[in-house]
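Structure first, commentary second.
The values are calculated or read from the model by the stated rules, or taken from the named source; none is laboratory data. This structure is a prediction, so every number in the text was calculated from the model and none was measured. Cβ placement follows ideal geometry from the backbone for every residue including glycine, while neighbour counts extend to all protein chains displayed. Surface accessibility is based on the protein's heavy atoms, side chains included, excluding ligands, DNA and RNA. Shrake-Rupley method; radii C 1.70, N 1.55, O 1.52, S 1.80 Å.
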Amino acid sequence: MESVRDFENYQLLAAGIGVAILGYNVITGNRPRWVHSLHEKYGPIVRITPKEVSVQDPDATDRIYAIKGEFLKASWYKQFIPNVQNVFSTTDVDYHRRHRRLLASEISESGLAPHRATVDSKIRLAIERMAEEMEERGATDVFRWFLYMATDIIGELSFGSSFRMLETKEENQYIRDLKAIGIAGGIRVTFPLLMQINNYIPIPVLSLGMRIRERLCEYASQSLQRHYDEVLEQGSDAKPTLLSKLYRASENDPDTLPFAELREDAMSYIAAGSDTTTNTMTYLVWTVCRRPDVKAKLVAELRALPPDFSDHEHLRHLPYLDHVITETLRLYSAAPSGLPRVVPQGGAVLAGRFVPGGYTVSAQAYSMHRNPRVYPAPLEFKPERWEKPTRAMKAAFVPFGGGSRICIGLHLAKMELRLATARFFTRFPNSEVSRLEGFTDDDMQEKMFFLTAPKGQRCLIDAK
Ligand code: HEM
């Protein structure tokens, strides 16, 4: 007969195997796909590790990500971004509320109005660079130019000076570092024990991650300091950013933030606002180019625009443009993974099951957006499905997260997506996927660490 000790050993073994399988899927950029396969097999609530649960259920999702959130961000975020906190990573409710309140108005729809011209000028330059590259190379890598575009935009709006990647046509060190640090983050959150071991026996990838983080911080400090000094010393904010109203003239002003906290928020804007927009735009262009029917309908709608169209007045009311963007956000969510939250003390019933307090729960966009009961033929790219969305479709649509931690940059993201899509397809109405240099659909397979990116890190498009 099995003893209690044997039973405990089996449980430990099962837990170890569970964590190892999860770890393998994290490291290979496959976590959301693997969690989704569990939902397909076992239904709307599945246990991923001994104390971690994923749900694929709109009511449970509403509850987990409610505005009056009783489900707080999990300590996962502290491991993902160690040693510091910012508006994205903090698990402290008061800290978050204060930062969000102070940051929100400048990045709201009306707060963004003064920045529209900056955003548009970077988009125009990106489109010019694509046209040049098509001439010279026979195709353009839209992934590269959208990355330069999104990063230059959020750099300028956060630091007051852009990374100038569109001008120099080169990636700078900050962006190379930002890319590298994502992998270390994934390893840290999956194997927290490794971080403790790393304190005694350095593990190269984790130590490198820490060094990169220091370099990013140094660069951010210098860039922000330049603008900070300009604004405070000259007393005028000639080139306002999303943060400059919060610069601190006096130590006691409750409506401002200290330099170090602003620097962390600026860094979180850049990390959260560059790859997300880049990948959404890349998948949008690639998908539309593969679907002549969608492209024709979109181009026809854009043809009605005046030559000097702007985002606000003209683009916000184009229905098909909106459907194409929404469908891209559904099928190619830039943040497809679960956004982990902690079940409050006392536990909660989610999707018909009791989940004990202290467990980690999440609803991943990847599965929410592929629920066939909500989105029939979920793997098909069908912008038309958004003509008359059902209540269930709207409830299950979570590309920007939800509740009090919903993406603070979503208005900026939408402005960029509308303008960039409109400028791209008015300039290149005949664009097609290129097969130059062996580019295939395999390059576009989604690698999903916390964020999605195409496996080949490129997307070649041509316009005859
Ligand atoms: C298509 C583009 C974008 C997508 C799909 C996206 C997605 C998301 C998601 C899913 C979250 C919730 C994260 C969580 O709960 O852990 C989030 C939060 C956040 N995003 Fe975005 N994002 C986009 C663009 C941007 C941009 C342009 C910015 C620039 C400011 C930005 C800044 C942030 C910040 C600071 C947070 C944390 C908000 C908080 O916790 O209060 N995002 N985003």
note = With a 1.4 angstrom probe the carbon and sulfur portion of accessible area for the chain, in percent, totals 55 percent
note = The rounded separation in angstrom of the Cα centers of region 243-284 and region 51-73 is 26 Å
query = Per-residue HN-Hα couplings for region 247-263, Karplus 6.51 cos²θ - 1.76 cosθ + 1.60 at θ = phi - 60°, whole Hz, x for Gly and Pro?
reply = 4, 9, 7, 10, 4, 9, 6, x, 9, 10, 10, x, 3, 4, 6, 5, 4
query = By how many nm would the segment from residue 442 to residue 28 grow when fully extended, if each residue of separation counts as 0.36 nm and the alpha-carbon distance is taken off?
reply = 147.5 nm
remark   = Scalar couplings 3J(HN,Hα) for region 19-31 by Karplus 6.51 cos²θ - 1.76 cosθ + 1.60 (θ = phi - 60°), nearest whole Hz, x for Gly and Pro, are 5, 5, 5, 4, x, 4, 5, 5, 5, 8, x, 10, 3
task = With all distinct Cα pairs included, what does the Kirkwood hydrodynamic radius of the chain come out to in Å, to one decimal, could you say?
result = 23.4 Å
query = What list of ³J(HN,Hα) couplings, whole Hz, do you get for region 93-100 from phi and the Karplus terms 6.51, -1.76, 1.60, once you set θ to phi - 60° and write x for glycine and proline?
reply = 4, 5, 4, 5, 4, 5, 5, 4
remark   = Length gained if residue 173 through residue 100 is fully extended, taking 0.36 nm per residue and subtracting the Cα-Cα distance, is 23.4 nm
remark   = Unit-weight point scatterers at every alpha-carbon of region 300-423, Debye formula, q = 0.12 1/Å: log10 I(q)/I(0) is -0.56
query = To the nearest 10 square angstrom, what accessible area does residue 149 show with a 1.4 Å probe?
reply = 0 Å²
remark   = With all protein chains present and a 1.4 Å probe, the order of 293, 253 from largest accessible area down is 293, 253
note = Extension length gain for residue 234 and residue 164 (0.36 nm per residue less Cα distance), in nm, is 22.8 nm
note = Residues whose modelled amide H sits under 5 Å from the amide H of residue 48, counting only those 5 or more places away in sequence or on another chain, are 53, 54
query = Calculated FRET efficiency, residue 312 and residue 211, Cβ-Cβ r, R0 45 Å, to nearest 0.05?
reply = 0.55
Value at 222 nm in deg cm²/dmol, rounded to 500, when DSSP H runs of n ≥ 4 in the chain each add -39,500 (n - 2.57) = -17000 deg cm²/dmol
query = Considering only DSSP beta bridges whose two residues both sit in the chain, what percent are antiparallel, to the nearest 5?
reply = 85 percent
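For the chain, which span is the longest to avoid every loop-located (per DSSP) member of GluC sites (Glu not before Pro) having at most 12 other Cβ atoms inside 10 Å? Walk me through the numbers on the way to the answer.
Details: sites that count: 2, 170, 251, 313, 380, 387.
Counting only loop sites that pass the neighbour cut-off, the longest clear stretch is 3-169.
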remark   = If amide H atoms are modeled at 1.01 Å from N in the peptide plane, then the residues at a separation of 5 or more from residue 30, or on another chain, having amide H under 5 Å from its own are 448
query = So how do 97, 164, 373 rank on accessible area, 1.4 Å probe, biggest first, that is with the largest at the start?
reply = 373, 97, 164
